[in-house]
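Engineer: What follows is a structure written as structure tokens; I'll ask about it next.
Since every read-out is calculated from the coordinates, none of them should be taken as a lab result. Quantities reported herein were computed from a predicted structural model and do not represent experimental measurements. Virtual Cβ from ideal backbone geometry, glycine too; neighbours counted across all protein chains shown.
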Amino acid sequence: MEDYMDNSELIRSALLSRENAYCPYSGYAVGAALLCADGTVYGGCNIENAAFTPGNCAERTAIFRAVSDGNRSFLRIAIVGGKKGQKPDSYAFPCGVCRQVMAEFVNPKTFKIIVATSPEDYKEYTLGELLPESFGPENLE
């Protein structure tokens with residue numbers, strides 16, 4: 001698979017997506033940028049709801065946008081988060097539900113998750129490192 005952009009560019013895209021976060025309850029804005037194998041980037045932001053459980057994380061928003069467009073081959077995702085209106089000052093890791101959604105579509109050994117505070121300050125993990133011994137489609141075969 002080709003790699004269409006470096007981590008810094010992907011993080012910049014996640015920072016832009018973060019600007020659209022709807023987080024009136026927590027005040028915690030998260031942005032994600034999902035790089036697909038064909039070079040397409042899908043942005044996502046967290047979207048809260050007064051009832052809480054109907055809300056959606058940025059990572060799942062990006063993945064669901066890609067899947068609804070028919071794209072199901074992903075290379076990596078960048079995630080940034082922090083208090084709305086402020087620059088991120090700590091890493092925002094994907095929640096367990098988001099990790100499980102990723103496991104549905106990617107190879108946990110190769111799919112990269114980038115958590116960042118800026119294009120220069122980031123850490124990179126595989127999904128397998130963040131979701132060891134996961135349950136996936138292969139378990140239902």
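Engineer: From the square roots a ≥ b ≥ c of the eigenvalues of the alpha-carbon gyration tensor of the stretch 17-86, which class results: rounded (a/c under 1.5), prolate (a/b over b/c), or oblate?
Structural biologist: On the way: a/c = 3.23, a/b = 1.73, b/c = 1.87.
Oblate is the answer for the stretch 17-86, as a/c is 1.5 or above yet b/c matches or exceeds a/b.
Engineer: Additional query: What ratio of Cα Rg to 2.2 N^0.38 Å holds for the stretch 49-141?
Structural biologist: Values: Rg = 14.0 Å, N = 93, 2.2 N^0.38 = 12.3 Å.
After normalising by residue count via 2.2 N^0.38 Å, the value is 1.14.
Engineer: Calculate for the chain the 222 nm mean residue ellipticity that helices alone would give, adding -39,500 (n - 2.57) per DSSP H run of length 4 or more and normalising by residue count, nearest 500 deg cm²/dmol.
Structural biologist: Numbers: 4 runs with 37 residues, N = 141.
Only helices count here, giving -7500 deg cm²/dmol.
Engineer: What is the local net charge at residue 58, summed over the other residues whose Cβ is closer than 12 Å to its Cβ (Lys, Arg +1; Asp, Glu -1)? List each step's numbers first, then the result.
Structural biologist: Values: positive: 18, 60, 65; negative: 19, 48, 59.
Combined, the nearby Lys, Arg, Asp and Glu give 0.
Engineer: Pick out, in residue order, every one of the trypsin sites (Lys or Arg not before Pro) in the stretch 24-73 that is DSSP loop and has at most 13 other C-beta atoms within 10 Å; say none if there are none. Walk me through the intermediate numbers first.
Structural biologist: Values: sites: 60, 65, 72; in loops: 72.
Passing both the DSSP loop test and the Cβ count: 72.
Engineer: First select every other residue whose beta carbon is under 12 angstrom from the beta carbon of residue 85; then total the charges, Lys and Arg +1, Asp and Glu -1.
Structural biologist: Numbers: positive: 18, 83, 84, 87; negative: 19.
With Lys, Arg at +1 and Asp, Glu at -1, the neighbours total +3.
Engineer: Count the DSSP beta bridges whose two residues both fall in the chain, then state the antiparallel fraction as a percent rounded to the nearest 5.
Structural biologist: Details: 20 of 26 bridges.
Antiparallel: roughly 75 percent of the beta bridges in the chain.
Engineer: What lysines sit close enough to residue 87 to cross-link, taking a C-alpha to C-alpha distance under 18 Å and skipping anything fewer than 8 places away on the same chain?
Structural biologist: Excluding near neighbours in sequence, the set is 123.
Engineer: Taking Cα pairs under 8 Å and at least six residues apart, what relative contact order does the stretch 75-130 come out at, in percent? Numbers along the way, then the final one.
Structural biologist: Numbers: 82 pairs, mean separation 22.0, N = 56.
After rounding, I find 39 percent.
Engineer: Rank the residues 104, 120 as a footprinting-exposure proxy: fewest other Cβ atoms within 10 Å of their Cβ go first. All intermediate terms of the calculation are to be shown ahead of the outcome.
Structural biologist: Working: 104 13, 120 9.
Fewest-to-most Cβ neighbours within 10 Å comes out as 120, 104.
Engineer: Any idea what the relative contact order of the chain is, in percent, if you count C-alpha pairs under 8 Å spaced at least 6 apart? Could the numbers behind the result be given before it?
Structural biologist: Values: 306 pairs, mean separation 29.9, N = 141.
Answer for the chain is 21 percent.
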